[in-house]
Structure formats: structure tokens, C-alpha cells
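Here is the structure we will look at.
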Amino acid sequence: MIQWGMLKKPSPHQTELEMVTLDSLVPSDHLLRKIDAVIDFSFIHARVADLYCANNGRPALDPVMMFKALFIGYLFGVRSERQLVREIEVNVAYRWFLQLKLTDKVFDASTLSQNRRRRYHDASVAQDIFDEIVEQAIRHGLVDGKVLYTDSTHLKADANKNKWDREVVAKSRAAYWDDLDLAIEEDRAAHAKKPLKAKERQPVEKETKISRTDPDSGYMVRDGKPKGFFYLDHRT
């Protein structure tokens with residue numbers, strides 16, 4: 001005999017008062033908890049102090065909060081400051097990381113973007129903050145430099161691919177050859193042999209296209225890639 005249970009319509013609980021702490025709502029293994037445990041962002045205040053007025057003007061958006069918000073956006077792939085603010089409004093882990101209470105109003109997206117674009121237009125500020133975070137990570141043993149990953153991509157140069165001159169350029173391999181010779185010399189010395197006679201090398205010459213508008217760029221010819229002048233950008 002099958003007994004069917006009575007179906008009850010759930011009552012709304014969104015307006016009920018609950019006693020909770022923001023800390024209890026963030027999972028113990030959340031990535032932002034791990035970052036917060038080892039990275040101290042307070043150094044940002046001293047780094048950007050000269051960009052603020054000490055005794056005049058309206059209260060500014062806390063620079064630590066601003067950079068930590070941008071850090072969240074980059075870390076979790078939020079590519080819009082407007083969307084980032086929306087995410088912070090509803091994500092308790094983001095609020096916890098930024099030290100915002102559940103009832104605190106989140107800063108406006110335009111405040112975030114205007115500060116970033118006008119006050120922090122000097123790229124060295126972001127670079128210094130990045131460097132300090134990396135150094136802290138190294139001190140905590142999170143980075144050891146034993147394994148490095150390098151990738152490269154082609155960046156299109158602002159150069160007309162049809163305006164070029166053909167030139168013969170020298171491609172020097174002397175440094176590499178010297179390294180090879182050094183290895184041979186070390187081996188010969190280890191076996192009590194006479195050193196090799198020094199050779200004067202002529203660099204290899206190659207005919208290539210040189211852009212008239214951007215001669216520092218290089219002409220790329222690759223299967224499946226557009227022909228033209230590019231730069232090679234390496235990231236490690």
C-alpha cells in the first residue's frame with residue numbers, strides 16, 4: 001500500500017531576521033580566504049598616499065578596497081566594472097574579502113572606474129602593487145621560481161603591410177656559438193687538451209621586409225595567420 005505525503009507550499013523566509021556572521025557564510029576553503037590569510041594589502045595606503053589630499057575634498061574610495069575589488073574582477077574573470085559591483089553586492093565572499101558588511105552600500109561603478117582612470121593613470125602604481133604581492137607570495141613560500149611558464153603572441157603593428165623596403169639584415173648567432181665553444185673548452189681543459197684557436201665569425205645574413213612606418217616591427221608569414229607587420233609579445 002502506497003501512502004502519499006501531503007504537499008505543503010513553502011512559505012517565504014526572505015524577510016525573516018537571522019543572527020549570522022558574515023564570516024560563517026564564507027566556505028573555509030574559499031580561494032579568497034586563502035589569499036587573505038597570506039597577503040597583507042595594507043601597504044597600498046602608503047604607496048598611493050601622495051595621490052590624495054590629506055585635508056581637503058570629499059572622502060575618497062579606500063584605495064585598498066578599490067584594488068582588492070579590481071583584484072576580484074581579474075581573478076574571477078569579471079570584465080566589466082558595472083558587473084563587478086553587481087557581483088560584490090550579492091556575493092558574501094566578495095563582501096567578506098572587501099570587509100563590507102551585509103548591510104553596507106557598495107561603491108558605485110563610476111566611482112571605481114573614474115578613480116582607476118584618472119587617479120591611477122600612472123602604470124607604475126599598479127606594477128608596484130603587483131610586485132609587492134608577488135614578493136609577499138615568495139616570502140610565504142607560494143612562489144619558488146623553480147618552474148616558469150612562458151607564452152608568446154603576435155601583436156599587430158600599426159603599419160601598412162603594403163609599404164615596405166627589402167633589406168639584407170644580419171642575424172647574429174655569435175653569443176650562442178660562444179656558449180657552445182665554452183662548453184668545448186671546459187671539456188678540453190678537463191682532459192688536459194690544448195684550447196681551440198679563436199675564430200672570427202661572420203653573422204648570418206637574411207633578406208627581409210622592413211616597414212617604412214614602423215621599422216622595429218617584423219614581417220610575419222605563417223600558415224593560417226594574416227600576413228603583415230607584427231610584434232612578438234612574451235609573457236612569463
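The values are calculated or read from the model by the stated rules, or taken from the named source; none is laboratory data. Bear in mind that the values here come from a model prediction, so they are computed numbers and not experimental data. Note: ideal-geometry Cβ built from the backbone for every residue, glycine included; neighbour counts use all protein chains shown. Note: areas computed on protein heavy atoms with side chains; ligands, DNA, RNA excluded. Shrake-Rupley method; radii C 1.70, N 1.55, O 1.52, S 1.80 Å.
Please say if the stretch 94-169 is rounded, prolate or oblate, where rounded means a/c under 1.5 for a ≥ b ≥ c the square roots of the C-alpha gyration tensor eigenvalues, and otherwise the choice is prolate for a/b larger than b/c and oblate otherwise? Write out the running numbers ahead of the final one.
Working: a/c = 3.29, a/b = 1.58, b/c = 2.09.
Judged from the Cα gyration tensor, the stretch 94-169 comes out oblate (a/c at least 1.5, b/c at or above a/b).
Over the chain, with every protein chain in place, what whole percent of the accessible area is carbon and sulfur at 1.4 Å, could you tell me? Write down the numbers at each step before the final one.
Details: 9760 of 18740 Å².
Its accessible area is 52 percent carbon and sulfur atoms.
Please tell me which of these pairs span more than 25 angstrom C-alpha to C-alpha: Lys163/Lys225; Lys68/Lys105; Lys9/Lys105; Lys146/Lys193; Lys146/Lys206; Lys68/Lys146? Over 25 Å Cα-Cα: Lys9/Lys105; Lys146/Lys193; Lys146/Lys206; Lys68/Lys146.
From Cα pairs below 8 angstrom and at least 6 apart in sequence, can you work out the relative contact order of the stretch 1-148, rounded to a whole percent? Across the stretch 1-148, relative contact order equals 27 percent.
Can you tell me the length gained on complete extension of the stretch Arg86 to Glu207, counting 0.36 nm per residue apart and subtracting the Cα distance?
38.0 nm
Taking 0.36 nm per residue of separation and subtracting the Cα-Cα distance, full extension of the segment from Thr15 to Ala46 would add 6.9 nm.
Given 0.36 nm per residue, what is the gain on full extension from Lys146 to Leu75 after removing their alpha carbon distance, in nm? Don't skip to the end; give the middle numbers.
Numbers: separation 71, 0.36 × 71 = 25.56 nm, distance 2.32 nm.
Using 0.36 nm per residue and subtracting the Cα-Cα distance, I get 23.2 nm.
For the pair Glu167 and Gln127, a Förster radius of 35 Å applied to the C-beta separation gives a FRET efficiency near 0.45, rounded to the nearest 0.05.
Checking understanding here: applying a Kyte-Doolittle mean of at least 0.5 and a length along the axis of at least 15 Å (C-alpha), which whole DSSP H helices in the chain pass?
On the way: long enough: 63-75 (18 Å, 1.56); 123-139 (24 Å, 0.22); 174-190 (24 Å, -0.39).
Helices meeting the criterion: 63-75.
Charged neighbours of His154, selected by a Cβ distance under 9 Å, balance to +2 (K, R count +1; D, E count -1). Dividing the mean sequence gap of close Cα pairs (under 8 Å, 6+ apart) by how many residues the stretch 19-102 holds gives a relative contact order of 42 percent.
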